[in-house]
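Below is one structure, written out as structure tokens, with a few remarks after it.
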Amino acid sequence: MLSPLKIKKRFLGRLGDRLLSDGAINDEQLRQALERQRQSGGFLGEILVGMGFLTPATLRPYLEDVTGFPFVDISEEEIDPAISSLIPEAIASSKKALPFREKDGKIYIAMADPLNLTTVDEIKAQLDKPVVPCLALTEDIDDAVKRTFDVRQKARTLLDKIKSDAPVEEDGLDLLLEQAEEAPIVRLVNNIIVGAVGAGASDIHIEPQEGSVRVRYRIDGVLYDQMSMPRAHLAAVTSRLKVMSELDISERRRPQDGRFQTHDDSGHEYDVRLSIMPTVHGEKSCMRLLEKSNSLAKMDKLGFLPEQRTLFERFVKRPHGLILVTGPTGSGKSTTLYAALQSINDTARNINTIEDPVEYKLAGVNQVQVNAKIGLTFANGLRTLVRQDPDVILVGEIRDKDTAEIAIQAALTGHLVLSTLHTNDAPGALVRLQNMGVEPFLISSAVVGVVGQRLLRTICPNCRETYLPPIDLAQSIGMQVEGARVPLVARGRGCKRCGNRGMRGRTAACEVMSMTDELRELVLSHASGAALHAHAIESGMVTMREAAIKKALDLTVTPEEIMRVFSQEE
């Protein structure tokens, strides 16, 4: 029998060729998958599935033939909770191994690497039963672990342990503090947070209703109900969050803001920003989750069309000038700016940022946190950064005239400045700066380019299916319809891997506007936003909606998602 190492080498060398020769994939799909493998590493088969070029069912016979292990599509398996709970969640997550079935006295285990004999022996010793290792995709195992150890299941168990028959008095602070430190409440709050992390949520909402408390997660920009708990537990849960954030548990009439750190079962650390607001039914809590070690997106993963990416990279490589990224809150502006910084971050440049808050730590970059309480505002901090011999400056947001003028002066004196504005489109950024009171000649001289963007949810590649949309839907989003012929698009049926939402992940629909000489003349003549927008399109700018339509034709997003994101901007 071949050794595990030789089997892996043999498999990696043959998989692509065999899939190609059998017609399972084509040359272009293999080329794209190999390119992604060179960039990010990983297993070729999983990359092909993740990119939507193969289904697990198609890949199955190839995996079984080469490795000798049975392949299981764990995303479609009915997992026995009594079996899966035989090993702790932390081990299942870190070892990428999950028991899912018992048959004939043997326990079947889905493993990302069944050739790892050390892991097999460890689990066998812990279970004290014969085991059958099965090969499964890493991503499917991660999803199965999240499903198996779902926050709602844990929460129901914990809620049963919490005594709810004794209501908390308004002035019972000692009782509140005591309840906040009780083990069931501590575990309940921790499980809500860890469950959100596992679901890939960006925010947690704990909302008091008339007869209960609703917990919702924001996943890929949309809120989803997760669980409900009795109103009697609200005070203890809120007090626990206040204790974790070192806030005043006796204050229930005014809003409070705080932050704390936590970690998941895999050891990843998270910063949690907490906001508490009084409502008619009690105190509402909202938490923003930020992974401290989160890997930043790269330029080729942001969602730019090829020609847009080339233009944006040209902006970023300039030695000086002002680059603006626009869009509403939650449109991915900071992610785009961080990716731009990463692409030019080297020891030859002095890169500085001033942010509110600092969301991600960048190695080799000097990052400053705004603190208005001590007078460290964007404007004051930017004045100091200009005296720090910078090459590149990132300003988290231009909110006022002072910050705008200092940023523009820095751009005009030999620095590359990147920042954000809240406007509906890229040309609107030039009008917004004028409305702030910045002189048009400064804007036309300093700005080199503007990016406008929105985030759209992408179709789950595991359950994607193509179909012909209704003519009125295609026309309503701006698709070209010739006669009664509509273009082929896609949607997600919903599966366990995407939580039956049919959507998984997000991509950006962007427009990239370069400051041409004609556009500078229009700015100097105080042209309207509509005139600037019309000229940008005449100059070849692809609008956000047009970029979104191209993504729908590429089977990446649905027409309904385009309607959801752009319907308010008609």
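Key figures
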item: Residue 504 long-range amide H proximity, modeled H, under 5 Å; result: 458, 459, 460
item: Ordering of 20-28, 438-446 by packing [mean C-beta count within 10 Å, highest first]; result: 438-446, 20-28
item: Ellipticity estimate at 222 nm from DSSP helix runs (n ≥ 4, -39,500 (n - 2.57)) divided over the chain, nearest 500; result: -12000 deg cm²/dmol
item: Relative contact order [Cα under 8 Å, 6+ residues apart], the range 368-430, whole percent; result: 30
item: Those Cys residues of the chain for which no other cysteine Cβ falls under 4.7 Å; result: 134, 286, 510
item: Taking N as its residue count, the alpha carbon Rg of the chain over 2.2 N^0.38 Å; result: 1.09
item: Size of the range 99-143 as Cα extents on the principal axes (Å, biggest first); result: 27, 22, 14
item: Alpha-carbon Rg/Rh ratio, for the range 21-116, with Rh computed the Kirkwood way; result: 1.02
item: Positive-end residue, the range 358-455 charge dipole about Cα centroid, Cβ charges, pick of 423, 362, 434; result: 362
item: 11 Å beta-carbon shell around residue 533, net charge (K/R +1, D/E -1); result: -3
item: Mean Cα-pair separation over length for the range 413-516, i.e. relative contact order, pairs under 8 Å, 6 or more apart, %; result: 34
item: Dipole of the chain, positive end: most advanced residue of 245, 451, 527 [Cβ charges, Cα centre]; result: 451
item: Accessible-area ranking of 106, 373, largest first, probe 1.4 Å; result: 373, 106
item: Estimated vicinal HN-Hα couplings, Hz - the range 229-237 in sequence order (Karplus 6.51, -1.76, 1.60; Gly, Pro = x); result: 9, x, 4, 4, 8, 4, 4, 5, 5
item: Cα shape, the range 302-373, gyration tensor, a/c 1.5 rule; result: oblate
item: Percentage relative contact order, the chain, counting C-alpha pairs under 8 Å, at least six apart; result: 9
item: Accessible area in the full protein assembly, largest first, 1.4 Å probe, for 562, 549; result: 549, 562
item: Karplus 3J(HN,Hα) series, Hz, for the range 497-508 with 6.51 cos²θ - 1.76 cosθ + 1.60 (x for Gly, Pro); result: 5, 10, x, 6, 8, x, 10, 7, x, 9, 9, 9
item: Binned Cα-Cα distances of the range 65-107, short to long, each 10 Å bin given as a whole percent; result: 24, 52, 23, 1
item: Å² of accessible area per residue within the chain, as computed with a 1.4 Å probe and no ligands counted; result: 47
item: Kirkwood hydrodynamic radius of the range 453-564, from inverse mean 1/r over distinct Cα pairs, in Å; result: 15.7
item: Per-selection Rg to Rh, the range 497-556 - Cα, Kirkwood hydrodynamic radius; result: 1.21
item: Translational D in µm²/s for the range 189-326 (Stokes-Einstein at 25 °C, 0.890 mPa s, Kirkwood Rh from C-alpha pairs); result: 142
item: Sorted peptide list for 505-518, 384-397, criterion being average Cβ within 10 angstrom, highest first; result: 505-518, 384-397
item: Area accessible to solvent at residue 187, 1.4 Å probe radius, in Å²; result: 100
item: Apportionment of accessible area to carbon and sulfur, the chain, percent (1.4 Å); result: 48
item: Residues whose placed amide H lies under 5 Å from that of residue 227, excluding near-sequence neighbours; result: 215
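The values are calculated or read from the model by the stated rules, or taken from the named source; none is laboratory data. All values derive from a computational prediction rather than experimental measurement. Glycine gets a Cβ as well: all are built from the backbone with ideal geometry, and neighbour counts include every protein chain shown. Surface accessibility is based on the protein's heavy atoms, side chains included, excluding ligands, DNA and RNA. Shrake-Rupley method; radii C 1.70, N 1.55, O 1.52, S 1.80 Å.
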